[in-house]
Amino acid sequence: MIPPSVIRARLRPVLDQAPRIRSGPDARPAAVLIPILASTADPRLVFTRRSDSLSRHAGEISFPGGLVDPGESLAAAALREAEEELGIAPDDVELLGALEPVHTRVTGVLIVPFVGLLGRDPRYTPNAAEIAEVLEYPLADLAAHAEVREFEHEGRWFQTNVFDMDGIVIWGATGHILQTFLDVLREATKAREA
């Protein structure tokens, strides 16, 4: 088991504790939460499958998150969206910091991914208008399924990080964020063991 204290000790020093972004006219700020469930021997990450009825990114796998409201901090936006989409109470999430922002060229959104630790499993209450399914995958399984390859979506081909989890495919910005998170965790673990 990787206890929450070890995850905290490995990640907090290498994550951005006060992320700031300057979004220009070509990028709107957004924030997502990478929820780590650390209540079992094998920590898991939480993802959502977006509703097929949404106008953007319908049916895609994502971390809970969305656009930042005017006057709202990036961290507050990530926590608000996780609560609105999944019912995860902000007080149940220990924010460890943020990864580097990811710019989505197609949609013009600049995403700041926050890593959040949950010491106990939440009782999900998914927003049916946005979320079709809640998914959990062990970190070890995600790392074992990582690859970079060409991926076709709506007639366009992308070189992207892909995680095919028995037919559930994580790709695009979420795939990139996930791979960055796994790389940061791996490097932090190596540094602590050296």
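Somewhere in the range 123-136, is a residue in contact with a strand residue (DSSP E or B) (Cβ under 7 Å, 6 or more places away or on another chain), closer than 28 Å to V68 by Cβ and polar (S, T, N, Q)?
No, the conditions are met nowhere in the range 123-136.
Mind telling me which of the residues S62, S73, S51 ends up being of a type outside the set (K, R) and modelled with pLDDT under 90?
S51
Which residue is modelled with the lowest pLDDT, if the candidates are limited to the range 122-137 and must be under 16 Å from S39 (Cα atoms) and in contact with a helix residue (DSSP H, G or I) (Cβ under 9 Å, 6 or more places away or on another chain)?
P122
Can you find, within the range 95-110, the residue that is nearest to S5 (Cα to Cα) among those that are touching an Asp or Glu at 6+ places or on another chain (Cβ under 6 Å) and assigned to a strand (DSSP E or B)?
G97
With the checklist (1) farther than 22 Å from R10 by Cα; (2) modelled with pLDDT of 95 or more; (3) touching a Lys or Arg at 6+ places or on another chain (Cβ under 8 Å) in hand, flag the one item I88 doesn't pass.
For I88, the failing item is (3).
Just the residues that are free of Cβ contacts under 8 Å to residues at least 60 places away in the same chain and crowded, with 16+ Cβ neighbours inside 10 Å, please, taken from the range 179-190.
Across the range 179-190, the qualifying residues are Q179, L182.
Whether any residue in the range 85-94 is outside any loop (DSSP other than H, G, I, E, B) and surrounded by fewer than 13 Cβ atoms within 10 Å (Cβ to Cβ) is what I want to check.
yes
Scan the range 143-175 for residues that are surrounded by fewer than 19 Cβ atoms within 10 Å (Cβ to Cβ), at pLDDT 85 or above and of a type outside the set (A, V, I, L, M, F, W, C) and jot them down.
Listed by number, the residues that qualify are H145, E147, R149, E150, Q159, D164, D166, G167.
Can you tell me which of D26, D42 is at pLDDT below 90 and in contact with a strand residue (DSSP E or B) (Cβ under 8 Å, 6 or more places away or on another chain)?
D42
Among the strands (runs of 3 or more DSSP E) confined wholly to the range 111-178, which include 3 or more residues that are without any contact (Cβ under 8 Å) to a residue 40 or more places away in the chain?
Here the list reads 146-153, 156-165.
The values are calculated or read from the model by the stated rules, or taken from the named source; none is laboratory data. Note that the coordinates shown come from a computational prediction; the quantities given were computed from them, not determined experimentally. Heads up, the Cβs are rebuilt from the backbone with ideal geometry, glycines too, and the neighbour counts pull from every protein chain shown.
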